[in-house]
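Down below is the structure, laid out as structure tokens.
The values are calculated or read from the model by the stated rules, or taken from the named source; none is laboratory data. Just so it is clear, the structure is predicted and the values come from calculations on it, not from any experiment. Glycine gets a Cβ as well: all are built from the backbone with ideal geometry, and neighbour counts include every protein chain shown.
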């Protein structure tokens, strides 16, 4: 089995890091991979299946191909979009929320597979600092919270992680916090509630004070998070999709 991975992103963001982890994991599992990307090019002459990792590569892919969808925004209902989403052999949705959005856009359920993003193990956080770390993607602020600068470094000394957003496909930052043993307070936005295994999901900003009292008493279980969101689990689920498509 040989897979070509396509991505047109020109800056390192979450999707590009996921692609890199996936390719390394697939190769470790014995799957030959090529990468068509301006950031991590890995040429390959022939392939059995193309795996598209962003919207542009999805639009111009040649069959057979599968698509990873990591964003929670609704699929557009234009004629071009209907044509585009009718072509892929399978969709790897980053969360059940994203899977449901694809279904509502007319993608057959049999073509949709939930394959969450993976995270790397993190060192345990020092929660004795009482530090409240904030990642806000919608401009909302929380008094007393420290804004994220470098998430992995900031999580080393953190008691509670607050993640505020209006839309998320999943929310890998919330998973990273819990992998460091830090409970999470997160907006009820897109697939973000699916990422909160240890913490609270809020609907309004004024719920944070009560949520802080509850989450400070919680202990996140890094082993449970890593078991469900490991690179190995992502690779296994992805290979299962490849095999199903190529057996058709």
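In the set 142, 196, 160, only one residue is farther than 26 Å from residue 15 by Cα and touching a helix residue (DSSP H, G or I) at 6+ places or on another chain (Cβ under 7 Å); that residue is 142. For region 51-64, which residues satisfy the criterion of being within 20 Å of residue 236 (Cβ to Cβ) and out of contact with any helix residue (DSSP H, G or I) (no Cβ under 6 Å at 6 or more places or on another chain)? Of everything in region 51-64, just one residue is within 20 Å of residue 236 (Cβ to Cβ) and out of contact with any helix residue (DSSP H, G or I) (no Cβ under 6 Å at 6 or more places or on another chain), namely 51. Residues in region 121-148 that are in a loop (DSSP other than H, G, I, E, B), over 22 Å from the mean Cα position of the chain (by Cα) and exposed (fewer than 13 other Cβ atoms within 10 Å of the Cβ): 130, 141, 143, 144. When 243, 188, 237 are checked against the criterion of being at pLDDT 95 or above, within 18 Å of the chain's Cα centre (by Cα) and over 25 Å from residue 137 (Cβ atoms), 237 stands alone in meeting it.
Can you tell me which residue among 118, 177, 173 is in contact (Cβ under 8 Å) with a residue 40 or more places away in the chain, assigned to a helix (DSSP H, G or I) and within 20 Å of the chain's Cα centre (by Cα)? Break it down stepwise before answering.
Values: 118 fails: assigned to a helix (DSSP H, G or I); 173 fails: in contact (Cβ under 8 Å) with a residue 40 or more places away in the chain.
After applying the criteria, what remains is 177.
Within the option set 103, 84, being more than 20 Å from the chain's Cα centre (by Cα) and within 17 Å of residue 66 (Cα to Cα) holds for one residue only, 84.
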